[in-house]
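The structure appears below as structure tokens.
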Amino acid sequence: MAYKIVEALCTACGACETECPNEAISMKGFTYVIDPEKCTECEGFHDTPQCAEVCPRPETCIPA
Ligand code: SF4
Ligand code: SF4
């Protein structure tokens, strides 16, 4: 029950970081990463994973 960011596709725009209700997204090196221990796929907060909603790149925030 966690999402991941495909490193090769992430442009490090940062849009997803502030949308995560669990503060699971942070910058690591040149891209952003999702902490699987913190990601709940937005359950209880939103109907859909917000990182995937706001990411301008398709298929970048996907189920792990
Ligand atoms: S799916 Fe939701 S909880 Fe998980 S990283 Fe994305 S925004 Fe955060
Ligand atoms: S919104 Fe998408 S492209 Fe932007 S930092 Fe997050 S994963 Fe990377």
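Rule-based calculations on the coordinates, nothing more; no lab input. Small disclaimer: the values here were computed from a predicted structure and weren't measured. Note: ideal-geometry Cβ built from the backbone for every residue, glycine included; neighbour counts use all protein chains shown.
The table below lists the values:
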quantity: Charge dipole (the chain, unit charges on Cβ, about Cα centre) - positive-most of Asn22, Cys51, Ala8; calculated: Ala8
quantity: Formal net charge of residues neighbouring Glu53 (Cβ-Cβ distance under 11 Å; K, R +1; D, E -1); calculated: -2
quantity: Unit charges on C-beta of K, R, D, E only; dipole of region 3-63, Debye; calculated: 240
